[in-house]
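S.K.: Please find one structure pasted underneath; my questions will follow.
Laboratory data are not the source of any read-out in this text; all were calculated from the coordinates shown. These figures come from a predicted structure and were not determined experimentally. Cβ sites come from the backbone with ideal geometry, for glycine too, and all protein chains shown count toward neighbours.
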Amino acid sequence: MIESNMTVQNASGLHARPASEFIALANKFKESNITVTHGGKEVNGKSILHLLTLGVGPGSEITVKVEGGAEEDVLSELIRFLKELKD
């Protein structure tokens, strides 16, 4: 398992549209378990409902964890997506 911490930079955080895009990307990695942590709560990174319950707003610190599959490549792609996220 590997993980990375990051601050969500876009002005809207992970609201419905970017969260659904994140989920679509995460679900491409069938062999990987992906979790997202914010505010002491850890959720399945492949579930839109779970991700939205985190309430990730702009400037929020999150942790993305990947287990299984090509962990480094998967984590790198997910973090790149989050860093390039536009409103």
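S.K.: Could you list all residues from the range 1-52 that are within 19 Å of Glu84 (Cα to Cα) and among the small types (Gly, Ala, Ser)?
M.R.: Ser4, Ala11, Ser12, Gly13, Ala16, Ala19, Ser20, Ala24, Ala26, Gly45, listed by residue number.
S.K.: Looking at Leu14, Leu51, Leu25, which one is at negative phi and either in a loop (DSSP other than H, G, I, E, B) or among the small types (Gly, Ala, Ser) (or both)?
M.R.: That would be Leu14, the only listed residue that is at negative phi and either in a loop (DSSP other than H, G, I, E, B) or among the small types (Gly, Ala, Ser) (or both).
S.K.: Any chance you could count how many residues in the range 1-36 are hydrophobic (A, V, I, L, M, F, W, C), in contact (Cβ under 8 Å) with a residue 40 or more places away in the chain and either under 15 Å from Ala70 (Cβ atoms) or surrounded by 14 or more Cβ atoms within 10 Å (Cβ to Cβ) (or both)?
M.R.: Number satisfying all stated conditions: 10.
S.K.: Considering only the range 53-70, state which residues are under 17 Å from Leu82 (Cβ atoms) and surrounded by fewer than 16 Cβ atoms within 10 Å (Cβ to Cβ).
M.R.: Answer for the range 53-70, where residues must be under 17 Å from Leu82 (Cβ atoms) and surrounded by fewer than 16 Cβ atoms within 10 Å (Cβ to Cβ): Gly55, Gly57, Pro58, Gly59, Glu61, Thr63.
S.K.: Looking only at residues in the range 32-48 that are of a type outside the set (D, E, K, R) and part of a loop (DSSP other than H, G, I, E, B), which one is farthest from Asn10 (Cα to Cα)?
M.R.: Ser32
S.K.: For the range 12-58, how many residues meet the condition of being hydroxyl-bearing (Ser, Thr, Tyr) and touching a Pro at 6+ places or on another chain (Cβ under 9 Å)? Walk me through it before giving the result.
M.R.: Of all residues in the range 12-58, those hydroxyl-bearing (Ser, Thr, Tyr) come to 12, 20, 32, 35, 37, 47, 53.
From what is left, the residues that are touching a Pro at 6+ places or on another chain (Cβ under 9 Å) are 12.
Adding up the residues that qualify gives 1.
S.K.: Can you run down the residue pairs with Cβ atoms below 6 Å, 6 or more apart or on separate chains, where the first is in the range 60-87 and on the phi < 0 side of the Ramachandran plot and free of Cβ contacts under 8 Å to residues at least 60 places away in the same chain and the partner is surrounded by fewer than 14 Cβ atoms within 10 Å (Cβ to Cβ) and of a type outside the set (D, E, K, R)?
M.R.: Every condition considered, the pairs that remain are Glu61/Thr7.
S.K.: Considering only the range 15-43, how many residues are within 9 Å of the chain's Cα centre (by Cα) and either of a type in the set (S, T, N, Q) or under 19 Å from Gly59 (Cα atoms) (or both)?
M.R.: 5
S.K.: A further question on this structure: Keeping to the range 54-87, report how many residues are within 21 Å of Ala11 (Cα to Cα), among the polar types (S, T, N, Q) and not in a strand (DSSP E or B).
M.R.: Qualifying residue count for the region: 1.
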